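A.B. asks: Submitted below is the structure of interest, expressed as structure tokens.
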Amino acid sequence: MDAFSVVVGQGQAIELLRSALKQDRVAPAYLFAGIAGIGRSLTAQAFAEMLVRDNKSQQRVRDRNHPDVLWVEPTYTEKGKLLTAKEAEAAGLKRRAAPQVRLEQIRAIGEFLSHPPLESLRSLVIITEAQTMAESAANGLLKTLEEPGQATIILIAPDSSSLLPTLVSRCQRIPFSRLSAEQIKQVLAKNQLADLPDEMISISQGSVGDSIAAFEQFQKLPPELLKSAQQLPNNPKAALSLARQIAKELDVESQLWLADYLQNFYWRSNGFMRSIECLEQVKKQLQGYIQPRLVWEVAFLQMLSSK
């Protein structure tokens, strides 16, 4: 079976990759560009399966334990150890900043690629959420991209502008598009999630992953906190109190989702463009590691002044 058959709605990206495989012209580096949750990582996995070819190796690619395929995810640091978001959640760690792809991980890529592939014609490195790389990590990766050896490196990021231009210039761009509501429902049905509320699909704006994450976050959010945020504070004291509550009760990932949810909610309920613009700034500042309580205080006070 064609490994790409599991991917829904990314015909252009798959055609470009199929052509590279058919012509035996696989590039040293690719940028899989598009929003999260639309099949970028699934396509990278399928591409890896096509590269290793035999069925036994393909299963190991799916299990992420193939010796010639290295997956790199953003991490947190905890007592000198690097933990992925899933590992941090499993350990019960509450983080106040977003995870990053770190310089130590880039060095590990260099070590991985310093050895020839064991079972395949080439090694493959897949870096998810590559936009989270700090400048030092990006510069370290640049050296590897200049001389990848018998390897292909895939950077997965929202768009070209989220990465250093010097990195982008060394990658072949593979574009990924947002999915239609029907395509999202098709993917959800395949994963026994056909009963996901339409509201969560609307919030996701074309992303299956965001639809599922939205519903999970919605269920986890304290109902009273969500209700207060939906109504918006009506005086400065209430604004500061709500900001403090959000920063105290929610980790950064949940705060980012709340900002997305509120943007959609305000748009559907009253179309207050000023509030939507303030929340866009909230997301950028949270991703820039600015102190969350301060971010929300400024945003709510600005919303209040625009009423």
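The values are calculated or read from the model by the stated rules, or taken from the named source; none is laboratory data. The structure displayed is predicted, hence computed values, not measured ones. Cβ sites come from the backbone with ideal geometry, for glycine too, and all protein chains shown count toward neighbours.
A.B. asks: Tell me, which residue of the range 30-62 that is touching a Leu at 6+ places or on another chain (Cβ under 6 Å) and closer than 25 Å to S204 by Cβ is modelled with the highest pLDDT?
C.D. replies: L31
A.B. asks: Which condition breaks for Q230 when tested against (1) in contact (Cβ under 8 Å) with a residue 60 or more places away in the chain; (2) part of a helix (DSSP H, G or I); (3) of a type outside the set (D, E, K, R)?
C.D. replies: (1)
A.B. asks: Out of all the residues in the range 115-163, which are of a type in the set (K, R) and buried (at least 20 other Cβ atoms within 10 Å of the Cβ)?
C.D. replies: Result: no residue meets the conditions.
Residues are listed down the side, and each one gets a yes or a no for (1) closer than 15 Å to A151 by Cα; (2) of a type in the set (S, T, Y); (3) outside any helix (DSSP H, G or I):
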{"residue": "V8", "(1), (2), (3)": "no, no, yes"}
{"residue": "Q12", "(1), (2), (3)": "no, no, no"}
{"residue": "L17", "(1), (2), (3)": "no, no, no"}
{"residue": "Y30", "(1), (2), (3)": "yes, yes, yes"}
{"residue": "L42", "(1), (2), (3)": "no, no, no"}
{"residue": "F47", "(1), (2), (3)": "yes, no, no"}
{"residue": "L51", "(1), (2), (3)": "yes, no, no"}
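A.B. asks: Right, something else. Being acidic (D, E) and either without any contact (Cβ under 8 Å) to a residue 24 or more places away in the chain or farther than 23 Å from G288 by Cα (or both) is the requirement here; does E78 meet it?
C.D. replies: Answer is yes for this residue.
A.B. asks: Residue under question is W257, and the condition is that it be modelled with pLDDT of 80 or more, under 24 Å from S41 (Cβ atoms), not β-branched (V, I, T) and not assigned by TED's automatic domain parsing to the domain that holds A98; does it hold?
C.D. replies: yes
A.B. asks: Taking L93 as meeting all but one of (1) in contact with a helix residue (DSSP H, G or I) (Cβ under 6 Å, 6 or more places away or on another chain); (2) at pLDDT below 90; (3) under 20 Å from Y289 (Cα atoms), write down the number of the exception.
C.D. replies: (1)
A.B. asks: If V72 meets every condition in (1) among the hydrophobic types (A, V, I, L, M, F, W, C); (2) surrounded by fewer than 20 Cβ atoms within 10 Å (Cβ to Cβ); (3) under 22 Å from the mean Cα position of the chain (by Cα) apart from one, which number is that one?
C.D. replies: Result: V72 passes all but (2).
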